[in-house]
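Take a look at the structure set out below.
Only the coordinates and a few stated rules stand behind these numbers; no lab work does. Owing to the predicted nature of the structure, the values given are computational and were not obtained by experimental measurement. Note: ideal-geometry Cβ built from the backbone for every residue, glycine included; neighbour counts use all protein chains shown.
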Amino acid sequence: MTTAPIDALSPVDGRYRSAAEPLRPIMSEQGLIRERIRIEAEWFLFLIAEVPAFRQLAPAGSVLERAAGLAANPDAAAPAAVKQIEARINHDVKAVEYYVREALAAAGAAPAALELVHFACTSEDINNVSYARLLTAARAVLLDALDARIATLRALAAQYAALPMIARTHGQTASPTTLGKEFANFVVRLERARARLAAVSALGKWNGAVGNYNAHVAAFADLDWPALNARFIARLGLGFNSHTTQIEPHDWIGEYCDAVAAVNVIVLDFCRDAWGYISLGYLRQRPVAGEVGSSTMPHKVNPIDFENSEGNLGIANALLRHFAEKLPVSRWQRDLTDSTVLRNLGVALAHSLIAWQALGRGLGKVEANPVRLAADLDGAWEVLAEAVQTTLRAHGVPNGYELLKEFTRGRPIDAAMLRELIDRLPLPDDARTRLQALTPAGYTGLAGRLAAQLPPGN
């Protein structure tokens, strides 16, 4: 494993380097350069195969093999070579074109065949499909990490499906639930958010300088360029955006960023709940050997993983929300304000991944504290007021809510006090018996079943 540099400005490349590593080959500048090379080589091969006028230019097998190699897996040294060219010409996409031309020339390509590299392309043609493919690959990494977190939450929901706990609304004691049901709620939310992220369609445009196939038609007016280029985009595994300016408008990237941000909001909500349950003692954290909780208070086991996750989620979503609003906006047929923004997509995705990994560490340490859960339940007999007043309503007894409000508000209620009240209520014997048998721990409705019977995941 590469040691994280301590002079890195971004913690993504410093402190959290190992956590972000799965995204590095994809969303780094090196990953972008390699993808640009692949696209240029794919277009070269496509033109030779699909445009009749270019078939006569079909080069020798060695050239085709070299082009296929570039399309599949550019040389490890390729990004550095492209950067050297860029330093000379001051254009990052043109540098890729020159690199591919040089590589094919070295393999024996004739000058006429070399002119097919970057044929009728603008830089944005190369860039937009490169980013689309990179974001698709990055999404697979994110979904794998998210699936692992969802699986852990599912397991906790099943493990604690029947373990009762006090619920809290507005921070106050409320009708009981089960600990498993609280985990289950987040499973369902995350599954929905995952589906939204997975469903975002990655689009590509391939229509020249202002989106009208001007150069294409000038060269070959008789070809159906929209149909031809749609086939090329499909070959790259992308949906085809038929109507654009010079740039693909990035609407789908905005949807993508919003979808990742939506996952992050749910994860953040969970982290805050878990933090609170640890604070209340409902959850306890298994100590890690050698780990220090506080620099001065030896007893402490701090919920640092959930806190780390929350912090990284905030950074991620600040960027993602900006991307979603900025990237679909460009002056007239294009401006360059999207360029530096696109280059930071990996930063936001990395902070998301770092946060999800921290969540995983936190989940791996927590366990229920049944003693504390039971104690809080036994001290909250007032939560049964809901059951009593609802039963009164069911039997047509007027003003049941008002009666229980007067009885319970502003004073502690224990089992004996509640049962004495129930004895005096005008209820049928069977209803009174059921209420007398209730305890806070037994008043969980269908929570256990809901936790144990989660809908299937992906």
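So who's got an amide H within less than 5 Å of the one on Phe240, skipping anything under 5 residues away but keeping other chains? H placed 1.01 Å off N, in plane.
Under 5 Å from the amide H of Phe240 lie the amide H atoms of Gly204, each far enough along the sequence or on another chain.
Per residue, how big is the convex hull around the C-alpha atoms of the stretch 124-370? Give it to me in cubic angstrom, could you?
Considering the Cα atoms of the stretch 124-370, their hull volume per residue is 152 Å³.
Positive end of the dipole of the chain, charges at C-beta (+1 Lys, Arg; -1 Asp, Glu), about the Cα centre: which of Ala262, Ala198, Val388 has its Cα farthest in that direction?
Of the listed residues, the answer is Val388.
For the chain, with only Lys/Arg (+1) and Asp/Glu (-1) charged at the beta-carbon, what is the dipole magnitude about the Cα centre, in debye rounded to 20?
Here the chain has a charge dipole of around 640 debye.
Quick query: amide H of Ala167 versus all other amide H atoms, modeled in the peptide plane; which residues come in under 5 Å with a sequence gap of 5 or more or a different chain?
Ala174, Thr177
Provide Phe54, Phe306, Phe323 in ascending order of the number of other Cβ atoms located within 10 Å of each residue's Cβ, fewest first.
Starting with the residue having the fewest Cβ neighbours, the order is Phe54, Phe323, Phe306.
Using the Karplus curve 6.51 cos²θ - 1.76 cosθ + 1.60 with θ = phi - 60°, what ³J(HN,Hα) values do you get for each residue of the stretch 394-411, in whole Hz, with x for Gly and Pro?
4, 9, x, 7, x, 6, x, 4, 4, 4, 5, 4, 5, 6, 9, 6, x, 8
At what distance in angstrom do the alpha carbon centres of the stretch 43-84 and the stretch 298-363 lie from each other?
Centre-to-centre distance over Cα atoms comes out at 36 Å.
Go through the stretch 132-143 residue by residue and turn each phi into a ³J(HN,Hα) via Karplus (6.51, -1.76, 1.60, θ = phi - 60°); whole Hz please, and just put x for glycine and proline.
With coefficients 6.51, -1.76 and 1.60, one gets 4, 6, 5, 5, 5, 5, 5, 4, 4, 5, 4, 5 Hz.
For the stretch 297-413, what mean projected area does the convex hull of the alpha carbons give, in nm²?
15.7 nm²
Starting at the first residue of the stretch 346-355, write each ³J(HN,Hα) from the Karplus equation 6.51 cos²θ - 1.76 cosθ + 1.60 with θ = phi - 60°, in whole Hz, x for Gly and Pro.
Karplus-based 3J(HN,Hα) across the stretch 346-355 equals x, 5, 5, 5, 5, 4, 5, 4, 4, 5 Hz.
Would you mind giving the three semi-axes, in whole Å and largest first, of the ellipsoid equivalent to the stretch 379-452 according to its Cα gyration tensor? Could you put the intermediate results ahead of the total?
Details: eigenvalues 78, 49, 29 Å².
With the √(5λ) rule applied to the stretch 379-452, the semi-axes are 20, 16, 12 Å.
Tell me the volume per residue, in Å³, of the convex hull enclosing the alpha carbons of the chain. It would help to have the intermediate numbers written out before the result.
On the way: hull volume 94.3 nm³, N = 458.
So the per-residue hull volume is 206 Å³.
Arranged from highest to lowest average of other beta-carbon atoms within 10 Å per residue, in what order do the peptides 432-439, 235-242 appear?
Ranking the peptides 432-439, 235-242 by packing returns 235-242, 432-439.
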